[in-house]
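Chemist: Just passing along the structure, written as structure tokens.
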């Protein structure tokens, strides 16, 4: 009788394990699953400034042909695992040219691309792109124009993107600058000649 009771208890215990076993296995599986994510941040500054901004609006500053700006791109592995073969692509806007950049520049598309071999979990790296404003004075432009730089990063199935916008304009040259100088010169010469004429009349010759 005692032997039968032991057998029944053992059978119930085995059955119980059979019911909870799959759940334990699933819990263990999901507990070991690693999160995969990546973050991208892009900021811009005038080359003579020490502070970077998300964007620089037209009220703060307008840029002109020849001005240099820096873009700082921060790529961060926000995963719980290391990431490899991370691809970054930066699309420069029109009326800019790259002066300094990481990776490879496609001058036809005005696009910069590079690969980060490895980023450990929680690690971040900064990259610098320097550009020059060009060709704005040749545009039929009334007022100012926004230029947006877009960067994208991809690591396997995860990706992120960010942008930074600045504003450009044309340096105004007074149309009457030369004419005003000429007019002032003629007025001065006329006054001088008039003065000479008055003195001669007063002297009688």
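Chemist: For residue 99, are the conditions met, namely being in contact (Cβ under 8 Å) with a residue 60 or more places away in the chain and in contact with a strand residue (DSSP E or B) (Cβ under 8 Å, 6 or more places away or on another chain)? If you could, list the steps in order and put the result at the bottom.
Modeler: Numbers: in contact (Cβ under 8 Å) with a residue 60 or more places away in the chain: no; in contact with a strand residue (DSSP E or B) (Cβ under 8 Å, 6 or more places away or on another chain): yes.
In short, no.
Chemist: Taking the stated definitions as given, is residue 51 under 25 Å from residue 160 (Cα atoms), surrounded by fewer than 10 Cβ atoms within 10 Å (Cβ to Cβ) and modelled with pLDDT of 55 or more?
Modeler: So residue 51 passes the test.
Chemist: Residue 86 versus (1) buried (at least 18 other Cβ atoms within 10 Å of the Cβ); (2) within 14 Å of the chain's Cα centre (by Cα): which is the lone unmet condition?
Modeler: (2)
The values are calculated or read from the model by the stated rules, or taken from the named source; none is laboratory data. The shown structure was predicted, so the numbers you read here are calculated from the model rather than taken from an experiment. A quick note on method: Cβ atoms are made from the backbone with ideal geometry, for glycine too, and the neighbour counts reach across all protein chains shown.
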